[in-house]
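The values are calculated or read from the model by the stated rules, or taken from the named source; none is laboratory data. The shown structure was predicted, so the numbers you read here are calculated from the model rather than taken from an experiment. Positions of Cβ are generated from backbone atoms using ideal geometry, with glycine treated the same way; all protein chains shown enter the neighbour counts.
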Amino acid sequence: MAAAAVEGATVSALRSVLQRVYKAADRCGRPYDGVRVVAVGKTKPVSLIRQLYDAGHRCFGENYVQEILDKAPQLPPDIEWHFIGHLQSNKAKSLIAIVPNLDMVEGVDNEKIANHLDRAVASMGRKPLKVLVQVNTSGEASKSGVDPTDCLELAKHVKLGCPNLRFSGLMTIGMPDYSSTPENFRTLSNCRNEVCKALGMAEEQCELSMGMSSDFEQAIEMGSTNVRIGSTIFGPREYPKRAQG
Ligand SMILES: *Cc1c(COP(=O)(O)O)cnc(C)c1O
């Protein structure tokens, strides 16, 4: 009974997040379907993800390779999985092989990982994989992502040098407490201007993935097309307790 109550709470948390997303989009005159909500289920059981799926949600994100490799095969094949955050290049192959319904990698931050993904997609013969270039907009050494000044070069490499990848935009993580300041979002938006201009792309072809649990409304107002929301939907993360004794 306790478990059922928790699962019901997850579905209603998703509904309330979707309402807030629609309202934020509406406030700035954007279409309600112009913002994708990635439900980030890291550390959460497959049963909770399944509840959201049964309620109609299709886009889910994971941040640890081992978790997505475990979960994806247990869940329906029409889920659109996003791998979010830094990916090690030696994990690219298993990610592509084991998650055929991987829709996007949000977090390509160097040429080596782009090349590994490109080759893995080619070897599996699947359709091109959408990727976002991760930009470190806060300047913190602990964060992955390219420096904003190197963003164009990596975007160009993905777009022109990786035929099995589809360069789809830019992604950033905010400040350490997840309360990103508008400057971080402004920086990402400026990167998009530069990339679109240099690569001859329309802005609508270049997504901005920014905004997490505590700042997604602000991010939408600053142009986000993709928000990644974990704890506001699923509750606080549950890391395994260290073994006693
Ligand atoms: C965990 C995670 C999120 C979701 O974080 P919340 O603050 O719980 O919404 C978003 N993006 C990345 C890259 C993450 O690792």
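Checked against (1) at pLDDT below 95; (2) over 16 Å from the mean Cα position of the chain (by Cα), V46 passes all but condition (1). Looking at the range 214-234, which of its residues are part of a loop (DSSP other than H, G, I, E, B) and within 18 Å of Y64 (Cα to Cα)? Scanning the range 214-234 gives a single hit, G230. Scanning the range 119-145 for residues that are buried (at least 18 other Cβ atoms within 10 Å of the Cβ) and farther than 27 Å from P100 by Cα yields N136, T137, S138, K143.
Of the residues M171, M212, which single one is surrounded by fewer than 23 Cβ atoms within 10 Å (Cβ to Cβ) and among the aliphatic types (A, V, I, L, M)? Answer to the check: M212.
Applying the condition of being within 14 Å of the ligand (Cβ to nearest atom) and not charged (D, E, K, R) to the range 17-26 and asking which residue is surrounded by the fewest Cβ atoms within 10 Å (Cβ to Cβ) yields V17.
Looking at this structure, is S123 in contact with a Lys or Arg (Cβ under 8 Å, 6 or more places away or on another chain), at pLDDT below 95 and farther than 23 Å from R237 by Cα? In short, no. In the set (1) within 26 Å of K93 (Cβ to Cβ); (2) more than 14 Å from the ligand (Cβ to nearest atom); (3) touching a residue at least 24 places away in the same chain (Cβ under 8 Å), K127 fails one condition alone, (3). Looking across the range 142-167 at every residue that is among the hydroxyl-bearing types (S, T, Y) and over 16 Å from I113 (Cα atoms), the one that is farthest from the ligand (Cβ to nearest atom) is identified as T149. Any residue at all in the range 84-95 that's away from the ligand (no atom under 16 Å from the Cβ), of a type in the set (A, V, I, L, M, F, W, C) and within 24 Å of D70 (Cα to Cα)? Yes, that holds for at least one residue. In the set (1) crowded, with 16+ Cβ neighbours inside 10 Å; (2) within 14 Å of the ligand (Cβ to nearest atom), E238 fails one condition alone, (1). Of all the residues in the range 27-44, those that are away from the ligand (no atom under 15 Å from the Cβ) and outside any loop (DSSP other than H, G, I, E, B) number 4. Modelled with pLDDT of 95 or more and in contact with a Gly (Cβ under 9 Å, 6 or more places away or on another chain): is that true of V40 in this structure? So V40 passes the test. Regarding G34, is this residue in contact with a His (Cβ under 6 Å, 6 or more places away or on another chain) and within 24 Å of M210 (Cβ to Cβ)? For G34, the condition - in contact with a His (Cβ under 6 Å, 6 or more places away or on another chain) and within 24 Å of M210 (Cβ to Cβ) - is not met. Looking only at the range 46-64, residues that are within 16 Å of the ligand (Cβ to nearest atom) and part of a loop (DSSP other than H, G, I, E, B) come to 3 in all. Determine if the range 3-25 includes at least one residue that is in contact (Cβ under 8 Å) with a residue 24 or more places away in the chain, among the hydrophobic types (A, V, I, L, M, F, W, C) and not in a helix (DSSP H, G or I). No, that holds for no residue. Close contacts from the range 70-82, counting a first residue that is within 13 Å of D54 (Cβ to Cβ) and a second that is aliphatic (A, V, I, L, M) and modelled with pLDDT of 95 or more, with Cβ to Cβ under 7 Å and a gap of 6+ residues or different chains, come to L75/V46; L75/I49.
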